[in-house]
Amino acid sequence: AEVGIRSEEFALPADTTQLQLMALVHQLNERKDISGILCQLPLPKHMDEHKVLFAIDPQKDVDGFHPYNIGKLMLQEDTYLPCTPKGILRMLDTAGYSDLSGLRAVVIGRSNIVGKPVAQLLLNRNATVTICHSRTRNIEEICAEADILIASVGSPRLVTADWVKKGAVVIDVGIN
């Protein structure tokens, strides 16, 4: 409200059906007074997350999760960006790392919410990007080569000091 944004929250019960949620998304898509829709993830297990996210009008998809917006991110076109990856870039910019050309960036995590989009954003800024995950061999050695290390997994204390190169930037966005 302080900055002129009016928001509405729709806190639905866990037993809401897929059909009921899709109907709400459709209503919000049609409303002229709604300019952005954010669906809080994860959804209950009985819901198809992809169907819900794909149902959001790409012009109102402020999380940047619709395939249209993901495609625009890959093509380096102006689009809504997922908030956590955008925040990571903002942190890097603020810390003086706006030029990532030639820097080695390692992202631990391959989620559609953080890992993949942040890797693409780093790549778009000319970093050399490696994505690691639970099946990556020699992950410690790969991380130890990183100028920028971003941990976005739900494993507390996964990264230890011996995984980090002296002078590296480390950002931990993991939730556990």
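The values are calculated or read from the model by the stated rules, or taken from the named source; none is laboratory data. Just so it is clear, the model here is predicted, and its values are computed rather than measured. Methodologically, a virtual Cβ is constructed for each residue, glycine included, from the backbone with ideal geometry; neighbour enumeration extends over all protein chains shown. Ligands, DNA and RNA are stripped out before the accessible areas are found, and what is left, the full protein with its side chains, is counted by its heavy atoms. Shrake-Rupley method; radii C 1.70, N 1.55, O 1.52, S 1.80 Å.
With a cut-off of at most 13 other beta carbons within 10 Å, and DSSP calling the residue loop, which GluC sites (Glu not before Pro) in the range 1-105 qualify? Please list them. Intermediate values should be presented prior to the final figure.
Working: sites: Glu2, Glu8, Glu9, Glu30, Glu49, Glu77; in loops: Glu2, Glu8, Glu9, Glu77.
Those satisfying the criteria are Glu2, Glu8, Glu9, Glu77.
Taking the Cα centroid of the range 121-144 and of the range 145-169, what is the distance between the two, rounded to the nearest whole Å?
10 Å
Provide the FRET efficiency to the nearest 0.05 for the Ile175-Ser134 pair, computing r from the beta carbons and using R0 = 25 Å. Working shown, then result.
On the way: r = 16 Å, r/R0 = 0.63.
Plugging the Cβ-Cβ distance into 1/(1 + (r/R0)^6) gives 0.95.
If I take every Cα pair under 8 Å that is 6 or more residues apart in the chain, average their sequence separation and divide by the length, what percent do I get for the relative contact order?
Numbers: 236 pairs, mean separation 24.5, N = 176.
After rounding, I find 14 percent.
For Leu19 and Glu77 in the same chain, what is the full-extension length gain: residue separation times 0.36 nm, less their Cα-Cα distance, in nm? Walk me through the numbers before you get to the answer.
On the way: separation 58, 0.36 × 58 = 20.88 nm, distance 3.27 nm.
Here the segment from Leu19 to Glu77 would lengthen by 17.6 nm.
So, in nm, how far is label Asn126 from label Lys166 when the simple model puts each one 7 Å beyond its Cα toward the Cβ?
My value for the distance between the label points is 2.8 nm.
Considering only Cα-Cα distances, which of the following residue pairs are longer than 31 Å: Lys45/Lys165; Lys45/Lys86; Lys60/Lys166; Lys86/Lys166; Lys86/Lys165; Lys51/Lys72?
Values: Lys45/Lys165 39 Å; Lys45/Lys86 27 Å; Lys60/Lys166 42 Å; Lys86/Lys166 25 Å; Lys86/Lys165 24 Å; Lys51/Lys72 19 Å.
Over 31 Å Cα-Cα: Lys45/Lys165; Lys60/Lys166.
Can you tell me how much longer the chain between Thr94 and Gln27 gets when fully stretched, taken as 0.36 nm per residue apart minus their C-alpha distance, in nm with one decimal?
Working: separation 67, 0.36 × 67 = 24.12 nm, distance 3.87 nm.
Full extension from Thr94 to Gln27 adds 20.2 nm.
Leaving out ligands, DNA and RNA, and with a 1.4 Å probe, what % of the accessible surface on the chain is carbon or sulfur? Write out the running numbers ahead of the final one.
Details: 5880 of 11060 Å².
Carbon and sulfur: 53 percent of the exposed surface of the chain.
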